[in-house]
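Student: First the structure, then my questions, so here it is.
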Amino acid sequence: MALIVQKYGGTSVGSPERIGNVARRVAGFQAQGHQVVVVVSAMSGETNRLIGLAREIAMDPDPRELDVVVATGEQVTIGLLCMALHAAGVKARSYTGSQVRILTDSAHTKARILNIDEAPIRADLERGNVVVVAGFQGVDERGSITTLGRGGSDTTAVALAAALRADECQIYTDVDGVYTADPRIVPQARKLDRITFEEMLELASLGSKVLQIRSVEFAGKYKVRLRVLSSFAQGGEGTLITVEETQNMERPVISGIAFNRDEAKLTVLGVPDRPGVAYRILGPVAEANVDVDMIVQNAGHDAATDLSFTVSRGDLGKAVKALEAARGEIGDLVVETDSSMAKVSVVGVGMRSHPGVAATMFRTLGEEGINIQMIATSEIRISVAIEEKYLELAVRVLHQAFGLEQIPGAGEGANHR
Ligand code: ADP
Ligand code: ASP
Ligand code: MG
């Protein structure tokens, strides 16, 4: 007998019929003798609808009250799924985040889980119940409802699996695993049987929304066995996220490609070229709570230089305001903005031992006439900022250039150009 935490995303519970299918799948696991804890998202489109409703009332809603509103989406699904389980003859009980007591900090709309009281869940499981928990939500010390950021149900599932020391955490979604690139953009993308935590963390942080990044961090930290699978297909092993790298000599240099459309670029022109200036520009931006992603300082001329950096599109206005406020200190700043940027990244632990990945990436983009505006690297990834209109083309040509559609070792020169 195993203890399994299963999470079903929005599309998987998107209609009463699909909730019925989930109930049958869960009943099947229980019938095999397993204890099952189910985490569900809101029905597809529901979280967006609730955020839209809030924005009709207030453009910039109070975060505490916004959490009260958006957390209702998941509360509907837990009740409906329990009813469907009862109809299938399975004992089931629902819990909101605050009923479990998933304790979080008070950072509304992006709260972090601090502690989970798993005793009531264990007791229910011992009594033969399936336990159904609302994803994406918790409660803070003061009893206020909090939410964990978009895609946060993944993190609820992994955190519960860690707290319960579950045998496996299964993330059921609308694709049958983690692919070499988003299969919606690259039809030739290939499903990976395994991927390392390190690579999955990079992919998630660089834009692959198949798993919320915090869920991957949690799984790595607490050694949760994590698997991504399809809620629609029967059978299939999905993708296992593992600690070990494959010892296979044929393992590819690049494992996947991620992208993010949500980038905006700011260029500060004619910045005095002297020590401390980057801090004076980026300091106020950080103080305004805006995360800066890529940074480039151009070659100086006449004791002046240009500094460009990217922020997420939603933060562009805040970043510009912060720079305006800093004007007095640094002198007259001319700021140019471009809100139609995108970032494409290639990721792979094999990069450590294979030089030449950057050259292949830059050559491939150059041959397509795609201008690289910024570059950032880590040991296992290379990211470039490009114009958004070239994004899909860039992802597809890079996928081909790195031979990602081929099974490693099966094709000629796969991945080793
Ligand atoms: P859920 O509602 O089940 O949480 P999400 O929409 O959050 O589902 O995540 C699944 C989606 O992630 C897929 O439909 C796919 O378009 C997208 N995706 C992005 N990158 C990848 C990737 N590398 N592999 C698989 N899916 C990806
Ligand atoms: N319903 C939330 C969202 O749409 C959480 C989730 O689905 O994981 O972001
Ligand atoms: Mg998701």
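No lab work stands behind these numbers, since they all come straight from the coordinates. Bear in mind that the values here come from a model prediction, so they are computed numbers and not experimental data. So basically every Cβ, Gly included, is an ideal-geometry build from the backbone, and we count neighbours across all protein chains shown.
Student: As a footprinting exposure proxy, order F136, F29 by other Cβ within 10 Å, with the fewest listed first. Show your work: numbers first, answer last.
Tutor: Working: F136 28, F29 17.
The fewest-first ordering by Cβ neighbours comes to F29, F136.
Student: Which of L53, L404, L333 comes first, and how do the rest follow, when ranked by fewest Cβ neighbours within 10 Å?
Tutor: Ranked by crowding around the Cβ, least crowded first: L53, L333, L404.
Student: Same structure again: Could you tell me how many cubic angstrom of Cα convex hull volume segment 75-169 has per residue?
Tutor: It is 92 Å³ per residue.
Student: Using only the Cα atoms of segment 1-150, build the gyration tensor, take square roots of its eigenvalues as a ≥ b ≥ c, and label the shape rounded, prolate or oblate: rounded if a/c is under 1.5, else prolate if a/b is larger than b/c, else oblate.
Tutor: Note, shape of segment 1-150 comes out oblate.
Student: Ok, one more. How big is the Kirkwood radius of segment 131-265, worked out from every pair of different alpha carbons and given in Å to one decimal?
Tutor: So the Kirkwood estimate lands at 15.8 Å.
Student: P(r) for segment 1-78, please, calculated from all Cα pair distances in 10 Å bins and given in %.
Tutor: 18, 39, 25, 13, 5, 0
Student: Using Cβ counts within 10 Å as a stand-in for footprinting exposure, how do T337, T196 rank, fewest first?
Tutor: By the 10 Å Cβ count, ascending, the order reads T337, T196.
Student: Turning to a different aspect of this structure: With N denoting the number of residues in the chain, provide Rg(C-alpha) divided by 2.2 N^0.38 Å, to two decimal places.
Tutor: 1.07
Student: In this model, which of K110/K265; K110/K223; K265/K321 are farther than 18 Å apart at the alpha-carbon?
Tutor: K110/K265; K110/K223
Student: About the Cα centre, and with charges only on the beta carbon of Lys, Arg (+1) and Asp, Glu (-1), how big is the dipole of segment 144-297? Nearest 20 debye, please.
Tutor: 220
Student: Assuming a viscosity of 1.567 mPa s and a temperature of 4 °C, what translational diffusion coefficient in µm² per second does Stokes-Einstein assign to segment 274-366, Rh being the Kirkwood radius over Cα pairs?
Tutor: Estimated diffusion coefficient is 83 µm²/s.
Student: Which value, in nm² and rounded to one decimal, describes the direction-averaged projected area of the C-alpha convex hull of segment 330-404? Before the final figure, lay out each step's value.
Tutor: Working: hull surface 25.6 nm².
Averaging across all directions leaves 6.4 nm² for the Cα convex hull.
Student: On to the next question. Out of all DSSP beta bridges with both ends in the chain, state the antiparallel percent to the nearest 5.
Tutor: Taking every DSSP beta bridge within the chain, about 60 percent pair in antiparallel fashion.
Student: What FRET efficiency comes out for V334 versus M59 if R0 is 22 angstrom and r is the Cβ-Cβ distance? Round to the nearest 0.05.
Tutor: 0.15
Student: Between R352 and A87, take the C-beta separation as r, use R0 = 41 Å, and let me know the FRET efficiency to the nearest 0.05.
Tutor: With a Förster radius of 41 Å, E is 0.20.
Student: Between segment 100-137 and segment 11-42, what is the separation of their alpha carbon centroids in Å?
Tutor: 18
Student: Then there is this: Consider all pairwise Cα distances in segment 191-319 and report the whole-number % of them above 22 Å.
Tutor: Counting pairs separated by more than 22 Å, the tail of P(r) holds 55 percent.
Student: What residue among I372, I386, I78 shows peak mean-square fluctuation when the chain is described by a Gaussian network model with Cα springs under 10 Å?
Tutor: Comparing I372, I386, I78 in the GNM, the peak value goes to I372.
Student: Provide the net charge surrounding L266, with neighbours chosen by a C-beta distance below 12 Å and charges set as Lys +1, Arg +1, Asp -1, Glu -1.
Tutor: Net of charged neighbours comes to -3.
Student: What's the magnitude of the charge dipole for segment 1-99 around its Cα centre, counting Lys and Arg as +1 and Asp and Glu as -1 at the beta-carbon? Answer in Debye, nearest 20.
Tutor: 560
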